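The values are calculated or read from the model by the stated rules, or taken from the named source; none is laboratory data. Predicted, not measured: the structure shown is a model, and the values here were computed from it. Counting neighbours? That spans all protein chains shown, and the Cβs are built from the backbone with ideal geometry, glycine included. These accessible areas exclude ligands, DNA and RNA; they are computed on the full protein's heavy atoms, side chains included. Shrake-Rupley method; radii C 1.70, N 1.55, O 1.52, S 1.80 Å.
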Amino acid sequence: MAGQVIKPFGPTIYKGTFSERMRLEVIERSLASSDDASPNLAGNLAQEKFIELSQESGNELTSIIQDYLQQSREMGAYKPKSELKRISFERLWVNHQKKGEWNPPHAHSGDFSMVGYCQVPEELKNEWKFENQQGQDPVAGKIQWNYGQFADHNMTVFGPVDPEEGVIYIFPAWLLHFVFPFNSDVTRISFSTNCKLIY
Ligand SMILES: [Fe+2]
């Protein structure tokens, strides 16, 4: 008789997409912004800027988060105790990651956090060719999430994940994650923010 595998633990991660309109808006607004976010952040990056989103992009982000919550609810991973009144999120910060820069292991504040990829240069696909990427697991320019104590036969890692333009991930704010440096002389642009669920 066949048994059943039960996997009751562990965080939920959402992978979705956002529009080309929003992708271009975030890049444009981050280039125009002089609001330096780096003193507030964990990253070892020279250029991290706060931006304000347009109403349209704010609505788009809200509906992405709603999709995450609805799917989490359907699979039993999210069980709100009372009615959700609204979803609030902080100002976005936009990371312009350059050669040799990285984001060390860190967590965020709030209930959920997100990262969206606005610019992923083709050169990053060839990072595996560099001499320092010849180990078993080339990681340059990728993101990884870690959860719990490493143990055989259990997944404690999600990644290293390749960034893709127009793709967004949502994850619990407390979940440890980090971004590896790369060698190419290019700029990798991502945005992040934290959300709070107001009941
Ligand atoms: Fe982060």
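Listing for the model above:
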item: Answer residue from the range 96-121, given it is more than 16 Å from the ligand (Cβ to nearest atom) and under 14 Å from the mean Cα position of the chain (by Cα) and is most open to solvent (accessible area, probe 1.4 Å) among those; result: GLN119
item: Candidate set: the range 127-142, residues that are assigned to a loop (DSSP other than H, G, I, E, B) and hydrophobic (A, V, I, L, M, F, W, C); chosen: the one surrounded by the fewest Cβ atoms within 10 Å (Cβ to Cβ); result: PHE130
item: Single residue of LEU124, LEU61, LEU69 found to be open to solvent by less than 90 Å² (accessible area, probe 1.4 Å), more than 30 Å from LYS7 (Cβ to Cβ), aliphatic (A, V, I, L, M) and part of a helix (DSSP H, G or I); result: LEU124
item: Index of the failed condition, LEU41 passing every other in (1) surrounded by fewer than 18 Cβ atoms within 10 Å (Cβ to Cβ); (2) more than 16 Å from the ligand (Cβ to nearest atom); result: (2)
item: Pick from the range 72-88, criterion in contact with a helix residue (DSSP H, G or I) (Cβ under 8 Å, 6 or more places away or on another chain) and in a loop (DSSP other than H, G, I, E, B), ranking: nearest to GLY10 (Cα to Cα); result: TYR78
item: Complete set of residues in the range 168-199 that are buried (at least 18 other Cβ atoms within 10 Å of the Cβ), hydrophobic (A, V, I, L, M, F, W, C) and assigned to a strand (DSSP E or B); result: ILE168, ILE170, PHE171, PHE178, VAL179, ILE189, PHE191, CYS195
item: Given (1) within 21 Å of ILE170 (Cβ to Cβ); (2) within 16 Å of the ligand (Cβ to nearest atom), number of the condition GLN47 does not satisfy; result: (1)
item: Hey, SER30 open to solvent by less than 80 Å² (accessible area, probe 1.4 Å), in a helix (DSSP H, G or I), out of contact with any Ser or Thr (no Cβ under 9 Å at 6 or more places or on another chain) and of a type in the set (Ser, Thr, Tyr) or not; result: yes
item: ARG23 vs. criteria away from the ligand (no atom under 16 Å from the Cβ), open to solvent by less than 60 Å² (accessible area, probe 1.4 Å), in contact (Cβ under 8 Å) with a residue 40 or more places away in the chain and among the basic types (Lys, Arg); result: yes
